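What follows is a set of notes on a single structure, which appears directly below.
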Amino acid sequence: MSGQAVSDPRASAPAASAPGAFRILVVDDDSTNRLLVRAVLSRSSEARVAAARVTEAATLDEAWARLRGDRPDAVVLDIRLPDGTGLDIARHIAGLAPSERPRVVIMSASVLAAQRDAATAAGCDAFLAKPFRPAELLELLGAWATAAGLATAPGAATSASSAGAATPASSAGG
């Protein structure tokens, strides 16, 4: 990881998306990881995910601003950030009213049981180990977008992946 604390403002600009599109916030201090997640999402066979409005943050401060301003439907969140822990954001999100609460998937290279337990305690919906499998992330976000009933193109394909998706981080998670 580069540990780079400043994101490229061009990469943080919202992608073109349909009104009512699924909104995803990607929080990771490594610009390569953010770029990889964005590329994977754009190639999804699930129309709601491929057309998602993706914003990015490289620090906790940027993530707080994006959460308030963009109101994402899902957050892809790294644990280790240069100015703190992503679990602080997860705890805040868990305390929001259900109608305002985005789904949260932690993606971390720290895959010890204690880290998964911390994600569960913070209220995360799922945990993916880095390096992540694109099909797992797409299946998870596709299911969340479908459950939210957000915009999709008529007759669009859905994700065909049925492999074991992300490990639920809580019994209520997905």
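Scan region 129-139 and give yes if some residue there is touching a Leu at 6+ places or on another chain (Cβ under 7 Å) and of a type in the set (Asp, Glu), otherwise no. Steps first, please.
Pass one, region 129-139, residues touching a Leu at 6+ places or on another chain (Cβ under 7 Å): 136-137.
Subsequent filtering for residues that are of a type in the set (Asp, Glu) retains 136.
Yes: one or more hits.
Answer yes or no as to whether ASP78 is in contact with a Gly (Cβ under 9 Å, 6 or more places away or on another chain) and over 20 Å from ALA21 (Cβ atoms). Talk me through it step by step, then tell me what you get.
On the way: in contact with a Gly (Cβ under 9 Å, 6 or more places away or on another chain): yes; over 20 Å from ALA21 (Cβ atoms): yes.
Against the criterion (in contact with a Gly (Cβ under 9 Å, 6 or more places away or on another chain) and over 20 Å from ALA21 (Cβ atoms)), ASP78 qualifies.
Counting only residues that are touching a Lys or Arg at 6+ places or on another chain (Cβ under 8 Å) and touching a residue at least 60 places away in the same chain (Cβ under 8 Å), which one in region 28-51 is least open to solvent (accessible area, probe 1.4 Å)?
Filtering first and then ranking leaves ASP28.
Among the residues of region 128-148, what is the count of those that are over 18 Å from LEU36 (Cβ atoms) and touching a strand residue (DSSP E or B) at 6+ places or on another chain (Cβ under 6 Å)? If you could, list the steps in order and put the result at the bottom.
Going through region 128-148, the residues over 18 Å from LEU36 (Cβ atoms) turn out to be 143-148.
Those still in the list that are touching a strand residue (DSSP E or B) at 6+ places or on another chain (Cβ under 6 Å) too: 144.
Residues that pass the stated criteria total 1.
Out of the residues in region 67-92 that are at pLDDT 95 or above and out of contact with any Leu (no Cβ under 9 Å at 6 or more places or on another chain), which is surrounded by the fewest Cβ atoms within 10 Å (Cβ to Cβ)?
Filtering first and then ranking leaves ARG91.
Restricting to region 52-66, name every residue that is in a helix (DSSP H, G or I) and either out of contact with any helix residue (DSSP H, G or I) (no Cβ under 9 Å at 6 or more places or on another chain) or open to solvent by less than 30 Å² (accessible area, probe 1.4 Å) (or both). Steps first, answer last, please.
As a first pass, look at region 52-66 and keep what is in a helix (DSSP H, G or I): 60-66.
Correct list: LEU60, ASP61, ALA63, ALA65.
In region 98-145, which residues are among the hydroxyl-bearing types (Ser, Thr, Tyr), open to solvent by 10 Å² or more (accessible area, probe 1.4 Å) and not in a loop (DSSP other than H, G, I, E, B)?
SER99, THR120
The values are calculated or read from the model by the stated rules, or taken from the named source; none is laboratory data. All values reported here derive from a predicted model rather than from experimental measurement. Backbone-built Cβ (ideal geometry, glycine too); neighbour counts: all protein chains shown. When the accessible area is computed, the model is the full protein with side chains, heavy atoms only, and any ligands, DNA or RNA have been set aside. Shrake-Rupley method; radii C 1.70, N 1.55, O 1.52, S 1.80 Å.
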